[in-house]
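**Q** Structure provided below as structure tokens; questions to follow.
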Amino acid sequence: MVPPNAVAPVSPDDPTIGKLVADASRDMSSLIQNEIALAKSELKVSVKNGGTGAGLFAGAAFLGLLAIVMISIAFAYFLSMTGLHLAWCYLIVFGVYLLIAGLLAFLGIKKVKKVKAPERAIHQAQETKQLLKRS
């Protein structure tokens with residue numbers, strides 16, 4: 001029976017510490033390279049889908065803009081049926097759009113003024129910096 005503190009004898013087939021370290025280093029390098037290759041292939045698919053989606057959104061935005069132009073013309077012609085001259089009708093539609101744009105700008109300015117710096121994150125980063133300086 002082998003005592004509990006006894007060390008097993010080393011056989012010539014056992015790898016050396018240097019070989020084990022070299023094997024571990026090679027395996028880690030291979031693992032990292034494979035993970036990078038996987039990330040690249042996933043990113044290619046994501047970028048392709050993102051580009052296609054952006055193109056489709058651009059097409060939708062363009063068609064939406066055309067729809068706004070057409071409904072504006074229709075609204076102006078509808079106003080002209082009241083007896084107003086067509087030029088005045090277009091001016092009324094322009095004024096309505098100007099009022100809506102002003103309202104949106106006003107609301108946007110109010111929202112932008114509420115934007116603050118990420119104070120907690122900045123404070124945490126400064127604390128981490130101080131702790132690292134002490135070490």
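**Q** Among 69, 47, 93, which is of a type outside the set (Asp, Glu), touching a Leu at 6+ places or on another chain (Cβ under 9 Å) and in a helix (DSSP H, G or I)?
**A** Unique residue meeting the criteria: 93.
**Q** In this structure, is residue 32 touching a Phe, Trp or Tyr at 6+ places or on another chain (Cβ under 9 Å) and either in contact (Cβ under 8 Å) with a residue 60 or more places away in the chain or part of a helix (DSSP H, G or I) (or both)?
**A** For residue 32, the condition - touching a Phe, Trp or Tyr at 6+ places or on another chain (Cβ under 9 Å) and either in contact (Cβ under 8 Å) with a residue 60 or more places away in the chain or part of a helix (DSSP H, G or I) (or both) - is not met.
**Q** Okay, moving on. In this structure, is residue 116 surrounded by fewer than 10 Cβ atoms within 10 Å (Cβ to Cβ) and in a helix (DSSP H, G or I)?
**A** no
Only the coordinates and a few stated rules stand behind these numbers; no lab work does. The model shown is predicted, which means the values in this text are computed figures rather than measured ones. Every residue, glycine among them, receives a Cβ derived from its backbone with ideal geometry; neighbour counts consider all protein chains shown.
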